[in-house]
Every structure is written in structure tokens, then in C-alpha cells.
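Coordinate-derived values only; no laboratory data. Note that this is a predicted model, so its numbers are computed, not measured. No Cβ is skipped: glycine too gets one built from the backbone with ideal geometry, and neighbour counts run over all protein chains shown.
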Amino acid sequence: MSNKALMRANTQFACDIFQALSHETPHINRFISPLSMSLALAMLYNGADGQTQQALAQTLQIAGMSLDEVNQTYGLLRHELDALDPQIQLTLANALWTRQGVAFEPNFLQQCQHHYHAEVLPVDFHDPTTRTQINRWVSDQTQGKIPTILNEIHPLTMLILINAMYFKGNWSKAFNQKSTRECPFYLLDGSQKPCSMMFQNGSFRYFSDNTVEAIALPYGDERVSMYLFLPAENSNLAAFVRTLTPTNWTNWMRRFNVREGNISLPRFKLEYELDLNSVLTALGMGIAFNAQNANFKQMGLFQENLYVSQIKHKAFVEVNEEGTEAAAVTAAVMQLTSMMPGPTPFHMTVDRPFFCAIVDDQTGAMLFMGAIVEPK
């Protein structure tokens, strides 16, 4: 499995899950980390067997690839992201919180440790301080941006598998705080609300057509960028999200050219939380949540009734004049039962609902993605 094949799979998974979420909740702000989700599910995949493993492969778009190929390529991606950019802080942390005294399959634990650098932490799930310990780990890994992931722990819990991500990057060219001023932002219903709008002019990677206007705002040494997609006035955000496919994404990435122009972008900050069970079930992974049919025998032969009771995802993002800070956590709880310059300057005003994504331009890894319908 090549890195490009993994990126195609990850992009397809990202598009699938974002479209499913947008269909469920089209009128609210959404911000997720597809990479955090796929890393957690990839570790889960190592413990699955039979139809459950096939369902996970289908959801992750990795059907036909061997487990060894999947693990090695995720390990390579992690290595590349570890050397991202000295001016950008990106941390990826994985942990398996296992039930104390239970003999998990050594190969499952070793694969997660070797390829995903996962910590294996045996704990007593009956001890009320364990939840505090896990939440503290999550908070530490996300610089306090996501202080908790678990509200309770079921007494039959056998394993809690967690991925945590933290990103902080300053724009390659900061917005001037003195230029920020209050401007209207037009909501989905046509009404407007005031927002703090940032302004910048210069040379940007940019493209536009009759359906969308897009710009790339780089961080640090310009390996990582935030991509902003503003649907045309005669279109809308929901229509854009329906066109979000790997093929279109690849085509869009090829269309960016350096242009002179200016960008108006609202400052925003949001927290997003969701239970992924229903979305992942819709994407074909329902068997993993079924207490009677789930098959995770590769985790160990101590029982046959291990299933995923819940997969939770939390994300945080703040965009301001200096740059972007973002974090995400995915927790799976398991229990028994040089371009050509454009001809004329552009004027891009992001004053209505828009899509954004933070992408590592070297690997193509989609770190975060979101739909902002109302900046707050």
C-alpha cells in the first residue's frame, strides 16, 4: 500500500463522514479531524476479524489492502507528520486503556505500539479515579483544549482506545489586528449578524469558477495550509458539500494558482462533539456496534462478546489574526455483551457559510475539516 493509496482512502473516508454529518445536521457549525478518526479506527481494525474486519475496511476505504500494508503506511505517515514543520506544533498521541488483569492478544497490542506508538495502560475501570486519569491524559495531549472525553465508564468496559491530536500554526503572513473590524456575516436563513472580520492583501494561491471561490492560507514554512471554500452566491454550503469527493478534491487542488488579491475572513472559535455510532453505522460499520455479531477475536480469546459500545469525537478550533489552534480526540469504548499569476486582483469576502480544511500539502493528509455556518 503506497502513501498515495492511503491518502486516497483517507480522503474518501473524510468526504464520506463529512457528507453524512452534514446530512444529519446541516444548520450547525461542524468541525472534525478525519485523521484522528481514521487512526483510532485503524487500531480498532487490528483487533477485528471476519465480517467485522471487512466492515471496518469498507468504512475506512482500505478493502483489498493487507493489514500489514495498512499498518506500515500509517506508521510512515505518522513519521512524516512528526517532521512536519519546526514552526508548527502537531502532536499525535494514541493510548489503549485496557482492563487490568485481562490478557489481551500480545500481537494486537504490539501492532498498536509499534505502528501507532500507542501507550498500553492497564487500569481498573471500577475505580472512579480512572475516568479522571483518562480525561487528564486527553487534556494534557490537547493542551487543555479538550478537557474531557468521558462522562462515565460502564462496569463491563474492557478497552478504551483513544487518539488525540493537537495543532497550532501561525500564518506565514499574519493578519494585522488593527485592520480587524466588525462586519456583517450572512446566515443560512438570509439574516445577518456582526462578526470580527480580518483583512489581508497580497499574493495567494486561489481559484474561482461559477460554483465556488477558494483560497489557501499557509502556515509556517508553507507545508501546511488552511483551504477555504466559499460557495457562489447563487449556490450554498449544502450544495458544495454534496460535491465533496476525492476526485473533485484532487481537481480543486490542481486549480490553485498564485494571484494578487485580498481576503476578508471572520475570526471564529468553536467546539464540536458527536457520537459517531450512527454515522459509522450508515457508512457500513454497524456490525462493530452489535453485541451479538461483532467479532474482535484478534484482541484476544478471553471472550467472544466484545463489541464497540460507543465512539466519541470531540474537536476544537480557533482562527484569529495570528493563526490557528485546533485539537481533536476520538475515543472507541469497547465492552462485553511555481504557479502562473492571475490576470487581475481578486476580492474574496468570506461573509456567508463556508467550508474549511487544514491539509498537509506534502502528504495530502486532511488533518481537520469544517463547515462554518455562523462564526462565534
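Projecting the Cα positions of L56, L283, I358 onto the charge dipole of the chain (unit charges on Cβ atoms of Lys, Arg, Asp and Glu, taken about the Cα centre) puts I358 furthest along the positive direction. With contributions of -39500 (n - 2.57) from each DSSP H run of at least four residues, the per-residue ellipticity at 222 nm computed over the chain stands at -9000 deg cm²/dmol. Under the rule a/c < 1.5 gives rounded, and otherwise a/b versus b/c splits prolate from oblate, where does region 155-261 land using the Cα gyration tensor? Note, shape of region 155-261 comes out rounded.
Expected output is a single nm value to one decimal: the length gained when fully extending between A232 and V120, i.e. 0.36 nm times separation in residues minus the C-alpha distance. What is it? Please report the intermediate quantities before stating the final value.
Values: separation 112, 0.36 × 112 = 40.32 nm, distance 4.86 nm.
Gain in length upon complete extension: 35.5 nm.
In what sequence, highest mean first, do 171-179, 108-116, 306-314, 239-247 appear when ranked by Cβ atoms within 10 angstrom? List each step's numbers first, then the result.
Values: 171-179: 14.2, 108-116: 18.8, 306-314: 21.9, 239-247: 16.3.
In decreasing order of mean packing, 171-179, 108-116, 306-314, 239-247 become 306-314, 108-116, 239-247, 171-179.
Kirkwood analysis of region 1-129, using all unique Cα-Cα pairs, places the hydrodynamic radius at 16.3 Å. Subtracting the Cα-Cα distance of N201 and E260 from their residue separation scaled by 0.36 nm leaves 20.5 nm. How big is the shadow of the Cα convex hull of region 189-323, averaged over all directions, in nm²? Average of the hull's projected areas for region 189-323 equals 12.5 nm². Scanning residues 5 or more positions from L244 or on other chains, none has an amide H under 5 Å from its amide H, with H placed 1.01 Å from N in the peptide plane.
Oblate is the label for region 73-122. Its Cα gyration tensor axes, ordered a ≥ b ≥ c, give a/c of at least 1.5 and b/c at or above a/b.
For region 262-376, rounded, prolate or oblate, judged on the Cα gyration tensor with a ≥ b ≥ c (square roots of eigenvalues), a/c < 1.5 rounded, else prolate if a/b > b/c? Write out the running numbers ahead of the final one.
On the way: a/c = 3.23, a/b = 2.51, b/c = 1.29.
Cα axes put region 262-376 in the prolate bin.
Mind checking the full-extension length gain between S278 and N107? Use 0.36 nm per residue of separation minus the Cα-Cα distance, one decimal, nm. Working shown, then result.
Numbers: separation 171, 0.36 × 171 = 61.56 nm, distance 3.00 nm.
The span from S278 to N107 would gain 58.6 nm if fully extended.
Computed over the alpha carbons of region 214-259, Rg followed by Dmax gives 12.0, 36 Å.
Distance between the 7 Å Cα→Cβ label points at T337 and Y186: 5.6 nm.
Using the count of nearby Cβ atoms within 10 Å as a rough guide to exposure, how do T363, T148, T157, T344 rank from fewest to most? Mind showing how you got there, number by number?
Numbers: T363 19, T148 15, T157 22, T344 8.
Sorted ascending by nearby Cβ count, the order is T344, T148, T363, T157.
Over region 131-203, the pair-distance histogram of Cα-Cα distances with 10 Å bins from zero comes to 14, 24, 21, 24, 14, 3 percent, rounded to whole numbers. Computed over the alpha-carbon pairs of the chain, the distance histogram in 20 Å steps reads 29, 55, 15, 0 percent, short to long.
Would you order F296, F185 from fewest to most other beta-carbon atoms within 10 Å of each residue's own beta-carbon?
Working: F296 26, F185 23.
Ordered from fewest to most neighbouring Cβ atoms within 10 Å, F296, F185 come out as F185, F296.
With r defined as the distance between the Cβ atoms of Q143 and L67 and R0 fixed at 22 Å, what FRET efficiency is calculated, to the nearest 0.05? Don't skip to the answer; put the middle values down first.
On the way: r = 33 Å, r/R0 = 1.50.
Working from the Cβ atoms, E equals 0.10.
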